[in-house]
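Values quoted throughout were computed directly from the atomic coordinates according to the rules given, and no laboratory measurement underlies them. Not measured: the values here are computed from a predicted model. Using ideal geometry, Cβ is built from the backbone for each residue, glycine included, and neighbour counts are taken over all protein chains shown.
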Amino acid sequence: MYAWAMDNGFTPHLVVAADQPGVTVPRPYVKDGRITLDISPMAVRNLNLDDDPIFFSARFGGVAFDIVVPSGAVLALVTRETGEGLSFGEPEPTPVRAGKTEDEPPPPSPKPGGRPKLRVVK
């Protein structure tokens, strides 16, 4: 889709679910949990769509920013001029274990009490 858009003179945009784990985008530009990124060669540097996560650098308000987008967070690849492209649907919610949140660190492992004990094994 990216190659087709470029070959036909269109501007490719990546629509991303910015609230997904692993997504690194400038938060002030996120609206309703989504961000649309211009991924044309004039707008980005070092774009690599072949690997996961997708990585590139772009400027926002004149400030360079490294963008990281796991493939599961990509909602669509569309053209700015027509709005046509590929839609991948909403990302699946990440499972949350009962009583825990994603940001909560794992519980510490229990420490053995008392002195260490050695025994001879034959």
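What the table shows:
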| read-out | value |
| --- | --- |
| Net charge of neighbours whose Cβ lies under 11 Å from the Cβ of Ser57, counting Lys and Arg as +1 and Asp and Glu as -1 | +1 |
| Ratio Rg/Rh [Cα only; Rh per Kirkwood] for segment 2-83 | 0.93 |
| Sequence-distant residues sharing a close amide H with Phe60 (under 5 Å, placed H) | Phe65 |
| Label zone at Ser71, where the point sits 7 Å out along the Cα-to-Cβ direction: segment 1-40 residues whose backbone N lies under 15 Å | 1-2 |
